[in-house]
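See below for the structure under consideration.
The values are calculated or read from the model by the stated rules, or taken from the named source; none is laboratory data. Bear in mind that the values here come from a model prediction, so they are computed numbers and not experimental data. Using ideal geometry, Cβ is built from the backbone for each residue, glycine included, and neighbour counts are taken over all protein chains shown.
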Amino acid sequence: MIKDKIEKIKTANISSILRHFIRLKAHQNKYRGLCPFCDNRKETLFVDDHKSIYYCSEDGGGGDAISFVMNFKDITFDESLNLILSLIGNQS
């Protein structure tokens, strides 16, 4: 069941999920925005839909959509899965 939820999340673009929480701008073939996890006021957060990852060039943090939502909302893995699925319209 958890495996199915993860697979559904992987089919969505990470940028479409992160846009529910932060503003992203197109930058070359990726997206960039302000990192909510560090104090930098520059757009140091990069989002790559092809690799399904985010990365902050300032603090070195990064991961997938699930880890972003877990850290941003300070919620558990399961809560993160369910929140993302509700945002992308695939709640099961």
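Residues considered: 39, 48, 78. Of these, the only one that is among the acidic types (Asp, Glu), without any contact (Cβ under 8 Å) to a residue 40 or more places away in the chain, surrounded by fewer than 18 Cβ atoms within 10 Å (Cβ to Cβ) and closer than 27 Å to residue 1 by Cα is 48. Which residues, counting only those in the stretch 51-61, are closer than 20 Å to residue 13 by Cβ and surrounded by fewer than 16 Cβ atoms within 10 Å (Cβ to Cβ)? 51 - this is the single residue of the stretch 51-61 that is closer than 20 Å to residue 13 by Cβ and surrounded by fewer than 16 Cβ atoms within 10 Å (Cβ to Cβ).
With respect to the conditions (1) crowded, with 17+ Cβ neighbours inside 10 Å; (2) closer than 15 Å to residue 9 by Cβ; (3) free of Cβ contacts under 8 Å to residues at least 40 places away in the same chain, residue 89 falls short on a single one, namely (1). Scanning the stretch 63-72 for residues that are at negative phi and either in contact with a strand residue (DSSP E or B) (Cβ under 7 Å, 6 or more places away or on another chain) or touching a residue at least 24 places away in the same chain (Cβ under 8 Å) (or both) returns 64, 65, 66, 68, 69, 71, 72. Within the stretch 52-92, the residues that satisfy the criterion of being modelled with pLDDT of 95 or more and of a type in the set (Val, Ile, Thr) are 53, 66, 69, 75, 76, 84.
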